[in-house]
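Some notes on the structure that comes next.
The values are calculated or read from the model by the stated rules, or taken from the named source; none is laboratory data. Quick caveat, the model's predicted, so the values are computed rather than measured. Cβ placement follows ideal geometry from the backbone for every residue including glycine, while neighbour counts extend to all protein chains displayed.
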Amino acid sequence: MMKKFLPIIILLLIFVPTFVFTVDEKEQAIITQVGEFKRAITKPGLHFKKPFIEKITRFEKRILSTDAPPGQYLTLDKKRLVVDFLARWKIVDPLVFFKSVRNLFSANTRIEDIVYSELREELATHNLNEVIAENRELIMDAVKEGSSEKLKEYGIELIDVRIKRADLPAEVQQSVFDRMVAERKRISKRYRSEGEEESAKIRAETNKNKEIILAEAYSKSEKIKGEGDKVATKIYSDSYSRDPGFYEFMRKLDAYDKIIDEKSVIFLPIDSNLLDLIRKID
């Protein structure tokens, strides 16, 4: 019995794939007949076609990416930059995509050309610092907007464009590095000079304040000394008015105290008042 249906089974296995096919959720397809478009299939499942006459062309439904090689661009301040970018996109109209670019290789080439052109125009309106640090997000948003409009003609929706790297050309990097080092040294030298100048000002101000303080202290000490001498003179004057002999005696003691120390050797006449004083003390 099995042998009776075997030829039929073999024929089915051979001919069924010619008119039955499946499309999974990651795919979309178009059916062409002798190069002419017949219909687009965007829903997954089992589908039918005319055997031998109609041809299936499958396309990705998932998000695809184009990793562009580095290219050189000129900024507004005439600086050359080496920039590479990554574009994320998907096919939204398989028929338009098929008619315009046919396959993924051609699509990647077209995306690179369009984004390169938009990026070149946009970078030419910004300075180097803006591209590298300040306005990169705004720049890429403008590039995405301009590129998206052009890629719609190819059945492509551009989802995102991002700069991967933005560097100076290799032959320029060393000279830029040398200039940066020289600039840092210049700034460092200026700061040291300003620091030394400020230090000299502080020292001069400190010495000035020191001299003022010492002068004020000396003035106060002289004033105090003068007041003390004034009081002492008054005391001596009062003593003299009360007892001139005692005042004369104290003046002599004060004079002797200033001119005589422990090592002094004095020769005195017999009738010397100092000798009389020493004898009285002994």
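Remarks
- Residue count for region 105-119, restricted to those that are of a type in the set (A, V, I, L, M, F, W, C) and within 13 Å of D67 (Cα to Cα): 4.
- Once region 125-173 is narrowed to residues that are in a helix (DSSP H, G or I) and β-branched (V, I, T), the residue that is surrounded by the fewest Cβ atoms within 10 Å (Cβ to Cβ) is V172.
- Positions within region 53-94 being over 16 Å from I139 (Cβ atoms) and in contact with a Gly (Cβ under 7 Å, 6 or more places away or on another chain), in sequence order: I91, V92, D93, P94
- Odd one out for A217, checked against (1) at pLDDT below 75; (2) among the small types (G, A, S); (3) over 48 Å from the mean Cα position of the chain (by Cα): (1)
- Residue that is polar (S, T, N, Q) and touching a helix residue (DSSP H, G or I) at 6+ places or on another chain (Cβ under 6 Å), where the choices are S193, S106, S147, S117: S147
- Cβ-Cβ under 9 Å pairs, at least 6 apart or on other chains, region 31-59 side free of Cβ contacts under 8 Å to residues at least 24 places away in the same chain, far side of a type in the set (K, R) and assigned to a strand (DSSP E or B): Q33/K55; V34/K55; G35/K55; E54/K38
Let's see how each residue does on (1) at pLDDT below 90; (2) aromatic (F, W, Y); (3) in a loop (DSSP other than H, G, I, E, B):
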site	(1), (2), (3)
F21	yes, yes, no
R39	yes, no, no
P51	yes, no, yes
R62	no, no, yes
D77	yes, no, yes
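- Residue in region 158-180 that is among the aromatic types (F, W, Y) and within 28 Å of D113 (Cβ to Cβ) present: no
- Any hit, region 58-66, residues being of a type in the set (K, R) and within 42 Å of the chain's Cα centre (by Cα): yes
- Residue list for region 97-120, restricted to those being surrounded by fewer than 17 Cβ atoms within 10 Å (Cβ to Cβ) and in contact (Cβ under 8 Å) with a residue 12 or more places away in the chain: K99, S100, L104, R120
- Residue selected from region 39-81 under the condition surrounded by 16 or more Cβ atoms within 10 Å (Cβ to Cβ) and among the basic types (K, R), by the criterion nearest to N103 (Cα to Cα): K61
- The set of residues in region 53-98 that are more than 27 Å from E122 (Cα to Cα) and touching an Asp or Glu at 6+ places or on another chain (Cβ under 8 Å) comprises R58, F59, E60, K61, V96.
- Residue list for region 174-213, restricted to those being aliphatic (A, V, I, L, M) and under 30 Å from R80 (Cβ atoms): V176, M180, V181, A182, I187
- Any hit, region 183-204, residues being among the basic types (K, R) and surrounded by 13 or more Cβ atoms within 10 Å (Cβ to Cβ): no
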